[in-house]
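S.K.: What follows is a single structure, and I will ask about it in a moment.
The values are calculated or read from the model by the stated rules, or taken from the named source; none is laboratory data. From a predicted model like this one, the values you see are computed outputs, not experimental measurements. Using ideal geometry, Cβ is built from the backbone for each residue, glycine included, and neighbour counts are taken over all protein chains shown.
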């Protein structure tokens, strides 16, 4: 009952790979919208807005904001852990790797590509000039890195935080999908160890019910 987190750079095609992995394994794909839905149900409707403007968010920090940051982090952690406890999930972004790194039954994947490759892809996808596409890619990287550093005190691009790092500048999306699927199946077949498992977590039953409803699936 493994869980997969996929952290990706903008333009790396990580979203497409995540969807294909979920389809191949018959897993739930957990994306920004579903996580936002769960957070909103628990009263944190501002989360996505704050995430997208994180530099401004930190520049106007005060004691109240410090408490809000801790509340946001705690709630996001609980949602991520409950999704992992539910199992059979591919969690796309939203700091999944930082929250679930300690668990033996979680496969943490990073999908990346060279800047020039990502800029070319984004320019083609959105009909932008190279300069416009590069500005979008750079800003996306900055926001995501700032969020992870601020909330979890770890680097977004630290290879040591992941079990598998894939460069789609060299590796096709089809091969990347196959590698992740194979790794997840191998993780499921590993003998049990003393390491903590997400499947053994004790979670809030109300949040567990909300997750089951959002996924339309009972654990």
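S.K.: Tell me the residue from 165, 181, 211, 173 that is within 29 Å of residue 68 (Cα to Cα) and either buried (at least 18 other Cβ atoms within 10 Å of the Cβ) or touching a helix residue (DSSP H, G or I) at 6+ places or on another chain (Cβ under 8 Å) (or both), please.
M.R.: 211
S.K.: Can residue 2 be described as within 16 Å of the chain's Cα centre (by Cα), within 24 Å of residue 112 (Cα to Cα), modelled with pLDDT of 95 or more and crowded, with 21+ Cβ neighbours inside 10 Å?
M.R.: no
S.K.: Right, another one. Could you list all residues from the stretch 145-173 that are in a helix (DSSP H, G or I) and in contact (Cβ under 8 Å) with a residue 40 or more places away in the chain?
M.R.: 146, 147, 148, 150, 151, 152, 159, 161, 173 - these are the residues of the stretch 145-173 that are in a helix (DSSP H, G or I) and in contact (Cβ under 8 Å) with a residue 40 or more places away in the chain.
S.K.: Continuing with this model, one more query. Of the residues 198, 192, 176, only one is touching a strand residue (DSSP E or B) at 6+ places or on another chain (Cβ under 6 Å) and under 14 Å from residue 106 (Cα atoms); which? Give the derivation first.
M.R.: On the way: 192 fails: touching a strand residue (DSSP E or B) at 6+ places or on another chain (Cβ under 6 Å); 176 fails: under 14 Å from residue 106 (Cα atoms).
Going through 198, 192, 176 in turn, the sole match is 198.
S.K.: Output the residues belonging to the stretch 83-100 that are crowded, with 24+ Cβ neighbours inside 10 Å and within 15 Å of residue 184 (Cβ to Cβ).
M.R.: Residues satisfying the conditions are 84, 89, 90, 91, 92, 96, 97.
S.K.: Still on this model: Just checking, does the stretch 187-195 include any residue being assigned to a helix (DSSP H, G or I), within 16 Å of the chain's Cα centre (by Cα) and over 15 Å from residue 112 (Cβ atoms)?
M.R.: No: zero hits.
S.K.: Do we find a residue being surrounded by 21 or more Cβ atoms within 10 Å (Cβ to Cβ) and either within 15 Å of the chain's Cα centre (by Cα) or within 19 Å of residue 159 (Cβ to Cβ) (or both) anywhere in the stretch 115-130?
M.R.: So far as the stretch 115-130 goes, yes, one or more of its residues are surrounded by 21 or more Cβ atoms within 10 Å (Cβ to Cβ) and either within 15 Å of the chain's Cα centre (by Cα) or within 19 Å of residue 159 (Cβ to Cβ) (or both).
S.K.: Another question about this same structure. Sort through 181, 203 and tell me the only one that's under 22 Å from residue 103 (Cα atoms) and part of a loop (DSSP other than H, G, I, E, B).
M.R.: 203
S.K.: Additional query: Would you point out which residue out of 33, 40, 18 is part of a helix (DSSP H, G or I) and either touching a residue at least 12 places away in the same chain (Cβ under 8 Å) or crowded, with 19+ Cβ neighbours inside 10 Å (or both)?
M.R.: Only one candidate qualifies: 18.
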